[in-house]
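Below you'll find the structure, written out as structure tokens, and then a few comments.
The values are calculated or read from the model by the stated rules, or taken from the named source; none is laboratory data. Values in this document were obtained by computation on a predicted structure and should not be read as measured data. Using ideal geometry, Cβ is built from the backbone for each residue, glycine included, and neighbour counts are taken over all protein chains shown. Keep in mind that these areas ignore ligands, DNA and RNA; they rest on the heavy atoms of the full protein, side chains included. Shrake-Rupley method; radii C 1.70, N 1.55, O 1.52, S 1.80 Å.
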Amino acid sequence: MFSLSIILNWLLPLLYLALLVDYGATFFLRTKTQARNPWLIPVIGIHAFFLILRSVQLGQVPLADMYEILSVLALLTTAVYAVVEFASRDRRTGMFVFLLVFLFQYTSSNFLAGTIMAEGVAEVESQSAGCDRLHIILALAAYTAFAISAVYGMLHLLAERNLRKHRFGVLFDRLPSLDLLGRMTWHALLGGFIFITITIITAPLLLGHGGSGATAQSLDAKVIVKIVIGSIAWLVYVVAVLGKLLGKWTSRRISSIAVTGFVVIMILLIVSGILS
Amino acid sequence: MEISVIGINHRSAAVDVRERFALPNDLAKKLLQAIRAEKIFSEALVLDTCNRTEVYFVSKTQQDSLAHLLGHITQLKQTPPLADTSVFYHHQGLDVVRHLFRVAGTLDSQMVGEHQILGQLKDAYRLALDAGTTRFLLNKLLHWAFRVGKRVQTQTQLGRGSVSIATSAVELAGQIFSKLSGKTVLLVGAGETAELVAKALLRSGVNELIVANRTLSRAERLADDFVQNVRAKNLKAKTVCPASLDEQNKVGPELAGPKAEHGSSTGSQQSLRTRAIGLDEIPAVVGGVDLLICSTGSSEPVLTYQNMANSLRHENHPLLIIDISVPRNVEARLGDLPNVFLYNIDDLDMLVARNLERRREEIPRAEAIIDDEVEQFGKWLNSLQVAPTVKLLQQHFEQLKQAQIVRYGRKFASSEQKDLEEFSRGLCSKILHKPITFLRDLTADSADSEALAIIDAIRQMFDLDTLEQNE
């Protein structure tokens, strides 16, 4: 079973790389731009199977550290993108989403490789309980939405820059309209904000009554880091939400916040992961 | 029996000659009925567009088809006969196939890549079907041509991108707005190109138009003319000539209803609301506008940063400004405002030139597809010859015979093997005798469409094409 985990752990980045190449071909060669990608569902299935396998091995959902979370984030981003693609029948933005997904999964697989090998000889220690899982899943849903918001925000900024400079090149031909990119950025950001708000509000309830004992008395450095990152994310995005709803901020400003906010979160998550 | 085409197009003749031989639907129908009645051609189809009039036909005899057809057309149109017939082209055999595939693939069009021709070809086919003048060969050829047209459309970039100023403005708008319905257009001035752009935008779904002019009465008249004009000209359900795209832009969609302020729509027809304002009112309305087209005869900027910036600075929705005037009427600084996208006539020209260049680059790919399809069609046509079909049929039965002997031969003693072989051969010969005689008699009858259809059916029945490929 551990051998299978190792194989899948290295297979997943390759699969996402293949998808990235496929979407790259769609973007650059403008082929099958309006068709659904038949490989999305099988890749999601394989990734889900890998995570289930890991759960069986670990005796818990694999959300214990930064790198396991990145893998779940890759799967969730792919799943959300699959829904978007299936609904819009437009795969022109897939390359950008899978660039991010590939980086998530590659980073995750790279660091998890050593862990899985170690688990093969050592007994796995169960770390947390059901309420923790719910809390983590809510947080992951928020970060996934922020990731997608950042991708579409970046595309929006690129497209706008091109239109302003009157460049009728690759992006002019291949990207969806500015209007649509702006809407996708905003909706994803709003979704992420709702999830992170729920995550923060329910955290004391879920973690306080959970089996992990992460109460106010037992807050360790890792938990404090997570609280700080969550709070910073919430603050960044609440500004964007209020600006859009009350200040009628432009799509460009929302896109800039979506990109900047996500970059800040990623840096904080990676730094905290390395330090811990 | 051979397929032929006789025709006249934008390359072979000027418009004054072409219009003498144009065959609108009613005349095309009469011509097809006449052809059917006299039975000189076994199949016929008339393709008539703005740039071409062509008659495709299948005939058994090598008579002077051109003179014959021209006689019919001059009689139908009651025009004097043409002295110089060199303006007509006459192709036969696979040249017809190549010509038709090029037509379907838009390579023979005046504006390469405008795929409306495929719709026109389908209309022509429908007309011939109704007149009962298409049979096996033209049916096959036309369906093949539709497939070629579709293949060129999907496998090349030949039809991508706008190639007129008006449609390039729509293409630009499409880069900013996901849909144009519900958007408001402000037309400043009364330039002809600006009007074409406005109409192209209206066709794409825009249904609110504000017309601004130096004098209000002139603006009102323009707005009214606009509604009357587009109401009068109905493009609905009409396939337009690809080469006259700019002409198309001079015609609006079927728009209904009284004017906005002056009124709206009726039933399911597209509605148009118009409003007339003076130039001094522009700053007051520009905040609610999504697309602004400017084309005045002024030598000074009409829309300046000073009088527009305040109205636009606080807007959070994009504004696309297309300045078609020369000299420019929109101050360039307006393009620096956060949500303003400012383009001038040079930008649109650049977009058109780029798209035309891209289409040109795609022509070799389209030609390759057509070469491939002509080759395939040629192979298919050759396969309908009697001699190779008879040979394949004999081979097929020989294979069946051998297979059965191998399968059941061991049940017979070795002394009986020879008898078994002879029995099998005799049986196959007897079975094949009548079908082969029948096929050879088809050749004697010069193989008309029915004969080809029979051969095709036999080949399919015994899967002879697979056998031929395996050889």
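Tabulated values for the structure
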quantity: Subset of the range B:184-202 [farther than 19 Å from B:Val352 by Cα and crowded, with 21+ Cβ neighbours inside 10 Å]; calculated: B:Val185, B:Leu186, B:Leu187, B:Val188, B:Gly189, B:Leu202
quantity: Exclusive hit being assigned to a helix (DSSP H, G or I), away from chain B (no Cβ under 14 Å), under 19 Å from A:Val259 (Cα atoms) and open to solvent by 30 Å² or more (accessible area, probe 1.4 Å), set A:Met184, A:Met154; calculated: A:Met154
quantity: Residue among B:Asp323, B:Asp336, B:Asp290, B:Asp347 that alone is of a type outside the set (A, V, I, L, M, F, W, C), open to solvent by 50 Å² or more (accessible area, probe 1.4 Å), within 19 Å of B:Ile176 (Cα to Cα) and within 14 Å of another protein chain (Cβ to nearest Cβ); calculated: B:Asp336
quantity: Restricting the range B:128-139 to residues that are in contact (Cβ under 8 Å) with a residue 40 or more places away in the chain and under 17 Å from B:Val5 (Cα atoms), the residue that is surrounded by the fewest Cβ atoms within 10 Å (Cβ to Cβ); calculated: B:Arg135
quantity: Answer residue from the range B:155-167, given it is modelled with pLDDT under 85 and in a helix (DSSP H, G or I) and is surrounded by the fewest Cβ atoms within 10 Å (Cβ to Cβ) among those; calculated: B:Ile165
quantity: Conditions (1) open to solvent by less than 30 Å² (accessible area, probe 1.4 Å); (2) within 11 Å of another protein chain (Cβ to nearest Cβ); number of the one not met by A:Ala142; calculated: (2)
quantity: Subset tally (residues that are within 20 Å of A:Leu11 (Cα to Cα) and modelled with pLDDT under 85) for the range A:25-53; calculated: 1
quantity: Residues satisfying the stated conditions in the range A:157-177, i.e. within 21 Å of B:Asn344 (Cα to Cα), outside any helix (DSSP H, G or I) and not hydroxyl-bearing (Ser, Thr, Tyr); calculated: A:Lys165, A:His166, A:Arg167, A:Phe168, A:Gly169
quantity: Contacts under 8 angstrom Cβ, first residue in the range A:263-276 being within 17 Å of A:Ala139 (Cβ to Cβ) and in a helix (DSSP H, G or I), partner open to solvent by 70 Å² or more (accessible area, probe 1.4 Å) and at pLDDT 80 or above, 6 or more apart; calculated: A:Leu268/A:Val228
quantity: Yes/no for B:Val390 being under 24 Å from B:Thr466 (Cα atoms), aliphatic (A, V, I, L, M), assigned to a helix (DSSP H, G or I) and open to solvent by 30 Å² or more (accessible area, probe 1.4 Å); calculated: no
quantity: Total residues in the range B:168-183, condition assigned to a helix (DSSP H, G or I), among the charged types (D, E, K, R) and surrounded by fewer than 19 Cβ atoms within 10 Å (Cβ to Cβ); calculated: 0
quantity: Of all residues in the range B:412-471 being outside any helix (DSSP H, G or I) and not charged (D, E, K, R), the one that is most open to solvent (accessible area, probe 1.4 Å); calculated: B:Phe412
quantity: Residues located in the range B:308-339, provided they are of a type in the set (S, T, N, Q) and at pLDDT 85 or above; calculated: B:Asn329, B:Asn339
quantity: All positions within the range A:164-180 that are more than 9 Å from every other protein chain (Cβ to nearest Cβ) and in contact (Cβ under 8 Å) with a residue 12 or more places away in the chain; calculated: A:Val170, A:Leu171, A:Arg174
quantity: Residues located in the range B:146-190, provided they are more than 13 Å from chain A (Cβ to nearest Cβ), under 18 Å from the mean Cα position of the chain (by Cα) and among the β-branched types (Val, Ile, Thr); calculated: B:Val148, B:Val152, B:Val163, B:Thr167
quantity: Helices (runs of 4 or more DSSP H) contained entirely in the range B:1-120, each with at least 2 residues that are open to solvent by less than 50 Å² (accessible area, probe 1.4 Å) and under 25 Å from B:Arg147 (Cα atoms); calculated: B:25-38, B:94-104
quantity: Matching residues in the range B:373-387 - criterion: being under 30 Å from B:Gly149 (Cβ atoms) and open to solvent by 20 Å² or more (accessible area, probe 1.4 Å); calculated: B:Glu375, B:Gln376, B:Lys379, B:Trp380, B:Leu381, B:Asn382, B:Gln385
quantity: Criterion: closer than 30 Å to A:Phe172 by Cα and within 19 Å of the chain's Cα centre (by Cα) - qualifying residue of A:Leu70, A:Leu63, A:Leu51, A:Leu99; calculated: A:Leu99
